[in-house]
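Comments concern the structure below.
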Amino acid sequence: MEPLKKYRLIDGVMFNIYPGPLGLLCSGGTDSSLMLYNVLRRSKDPVHVFTLGNNPLQNKNVTAVTRVLNKCVELTGNHNVMHHVVHQEGDKPNGPEVLGDMIKKVGVEIKVAMTGVTKNPPREILDTMNNDYSPRDPSRDIPIAEEELYDARPEGYPWIYTPWLTHDKKVLAQIYRKQKLLTSLFPLTYSCEYYPRDKFLGDPGEEHCGKCWWCEERLWAFGRLK
């Protein structure tokens, strides 16, 4: 599938806009929020935002996505967007199948599904990070560039586009700076994956715990949690 338009966000990072309707997996974190902003800024087709309500995570991501989506609509003036929240029991799963399954469950037509997955930090950084609880997604360690756009139709899903697949979160921090989103959008995003069962961490409420792997990645990339 050929994109409608291609945009260079910074040197080495291209962002494509494909024909819609588009389906975006948005968690409220920095990666999917930046993806959402750029889609709403550049696409004229209907945009469906899908959020997995993680009950074990106290659904904090749902609250974060709502904040982020409202801000992205405000910043771009694009109101052609619908938000779908699908709840589940059990820990947050990984992989693009999550979005495909939600699209099937909601029952809307999607031509291209998008996820904001990034490459993990370099090995020398990973070795210093806490991976004991809320561990990293190991499938992000060695991304394959050829899979930035993947035809999943034979498997019953739409095309899947992962624009950040070969870039780590520190690269995305550069895009936040260039697009002047560090004071408007970034503070509304939420990366923490504190689980109530990790009582020894202390419940951070709506703040970041600063101790889980995902908080450490955020600190590494942006130099701050908020």
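Some observations on this one:
- Every pair of different Cα atoms in the chain enters the Kirkwood calculation, which places the hydrodynamic radius at 17.7 Å.
- In the full protein context, the chain carries 46 Å² of accessible surface per residue, based on a 1.4 Å probe and ignoring ligands, DNA and RNA.
- Here the simple spin-label model places points 7 Å from the Cα toward Cβ, and for Asp141 and Glu74 these points are separated by 4.1 nm.
- The angle separating the long axis of helix 97-106 from the principal Cα axis of greatest extent in the chain is about 60 degrees.
- For segment 1-135, the square roots of the Cα gyration tensor eigenvalues, ordered a ≥ b ≥ c, give a/c of at least 1.5 with a/b no greater than b/c, which places it in the oblate category.
- In this structure, Lys111 and Tyr7 have a Cβ-Cβ separation that, at R0 = 22 Å, corresponds to a calculated FRET efficiency of about 0.70.
- All lysines inside 30 Å of Lys211 as judged from Cα atoms, apart from same-chain residues fewer than 8 positions distant: Lys60, Lys71, Lys92, Lys119, Lys169, Lys170, Lys178, Lys180, Lys199, Lys226
- Taking the average, over residues, of other Cβ atoms within 10 Å as the packing measure, peptides 99-109, 2-12 rank 99-109, 2-12 from highest down.
- Net charge dipole, the chain: roughly 940 debye, given to the nearest 20, about the Cα centre with Cβ charges of +1 for Lys and Arg and -1 for Asp and Glu.
- Computed with a 1.4 Å probe on the full set of protein chains, the accessible area for Tyr150 sits at about 90 Å².
- Global form of segment 8-86, assessed from the alpha-carbon gyration tensor, a/c cut-off 1.5: prolate
The values are calculated or read from the model by the stated rules, or taken from the named source; none is laboratory data. Since the model is a prediction, treat every value here as computed from it, not as a measurement. Heads up, the Cβs are rebuilt from the backbone with ideal geometry, glycines too, and the neighbour counts pull from every protein chain shown. Areas reflect the complete protein model, heavy atoms only, side chains present, ligands, DNA and RNA absent. Shrake-Rupley method; radii C 1.70, N 1.55, O 1.52, S 1.80 Å.
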